[in-house]
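In what follows, a single structure is set out as structure tokens and then discussed.
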Amino acid sequence: MGRMNRKGEESMNFSKNIIISITLLGFLFAIAGLASSNVAADNETTITPTSTNVNMSDLTANICVTIKNNKNQPEFFSISQQYFQVTPTLEWDVAWTYPKAVKMLTNVNPTNVFNSSVNSSLNSTGDLGWEIGPGETKTVSFELDAVGDYGVFLPNSTTPNNFWPLIPDPGLSASFFLPNELQMLNPNLQIESWNGTFNFDITNINPVGPNVEGIIRAPIVPIDSELTFSDPKADFIDTSTAGADAAAWNVSLSPFQTINYVYSYHYPKPSNSSNIGHGSSSVFAPKNSTNNTTTVPSQNTGIPYGLLALAAVMVTAGVVYAKFLR
């Protein structure tokens with residue numbers, strides 16, 4: 001009897017040791033994942049600029065999208081005239097639509113917002129969009145013109161400058177969005193293809209002095225999409241953000257010089273694309289569907305999903321073993 005009790009105690013201690021080991025390993029993985037979440041893939045530290053020597057203007061977007069209604073009922077979709085990936089929110093005028101858009105029953109975008117800088121009224125007609133019938137596939141095109149004083153896009157967060165006397169110059173950053181967010185907001189609708197061409201000017205605002213030089217990235221970049229065209233030709237593709245191929249240019253501008261940039265993206269990215277990004281848009285979800293805000297992993301917001309998932313599995317295994325298998 002004493003021998004059996006000793007065996008039972010040894011078995012119980014062995015079970016407890018396994019439970020403790022599995023749980024500790026799980027927590028270690030979780031801690032390692034959280035610690036690495038703010039570190040870039042190349043172990044870079046993100047330095048945030050506070051101002052620039054250039055100004056962005058005349059930003060336009062020409063969009064052509066093919067959408068399928070998978071439901072046996074009519075559905076409606078409208079144009080979003082607010083872009084929430086920058087601060088302050090970027091607002092747009094609808095320049096034209098094809099086929100002709102109709103006025104929506106409700107408004108999501110603000111109406112009758114007078115913009116003195118361009119002497120126009122943003123969305124004075126109310127929200128514009130289209131009906132798509134049961135089982136129908138519809139292709140629509142439209143142009144959006146940015147309004148207001150949007151300057152350039154800079155990151156929101158700032159890294160303290162503890163790296164005296166030398167720091168890297170980050171250049172101008174890109175912002176990102178999901179082309180297929182419509183089908184996340186309304187699963188009855190499916191984005192079959194999305195094509196966007198963006199146009200913008202960059203001007204050196206210094207009246208005198210040496211040339212301004214650095215890296216300019218495409219200001220708006222769709223996730224999981226292929227760069228199909230750029231003029232001037234992109235000097236390289238920045239893939240530091242998961243799932244994104246951001247066009248980037250190495251520039252030199254003399255005082256008051258302006259350079260025009262045009263670039264195009266196609267969604268979804270072909271499987272044989274040469275511009276392979278890191279990850280897929282399938283792991284990203286809208287942060288707040290009420291305002292179409294989207295967040296993707298970056299140097300500041302990246303989450304190591306594999307490590308956290310493994311940690312969760314290991315902790316769960318320890319709990320299950322403790323409760324049912326010991």
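The values are calculated or read from the model by the stated rules, or taken from the named source; none is laboratory data. On a predicted model such as this, the values are computed, not experimentally measured, just so you know. Virtual Cβ from ideal backbone geometry, glycine too; neighbours counted across all protein chains shown.
Annotations for the structure displayed:
- Hey, residue 31 modelled with pLDDT of 55 or more and either assigned by TED's automatic domain parsing to the domain that holds residue 105 or not basic (Lys, Arg) (or both) or not: no
- Evaluation of residue 115 against (1) closer than 30 Å to residue 260 by Cα; (2) modelled with pLDDT of 70 or more; (3) exposed (fewer than 15 other Cβ atoms within 10 Å of the Cβ) (one fails), failing number: (2)
- Looking only at segment 72-88, residues that are modelled with pLDDT under 95 and exposed (fewer than 15 other Cβ atoms within 10 Å of the Cβ) come to 2 in all.
- Residues in segment 178-193 that are assigned to a strand (DSSP E or B) and either crowded, with 20+ Cβ neighbours inside 10 Å or β-branched (Val, Ile, Thr) (or both): 189, 191.
- Just so you know, in segment 245-263 the residues that are surrounded by 15 or more Cβ atoms within 10 Å (Cβ to Cβ) and of a type in the set (Val, Ile, Thr) include one that is nearest to residue 60 (Cα to Cα), and it is 259.
- The number of residues in segment 230-243 being more than 20 Å from residue 146 (Cβ to Cβ) and free of Cβ contacts under 8 Å to residues at least 40 places away in the same chain comes to 7.
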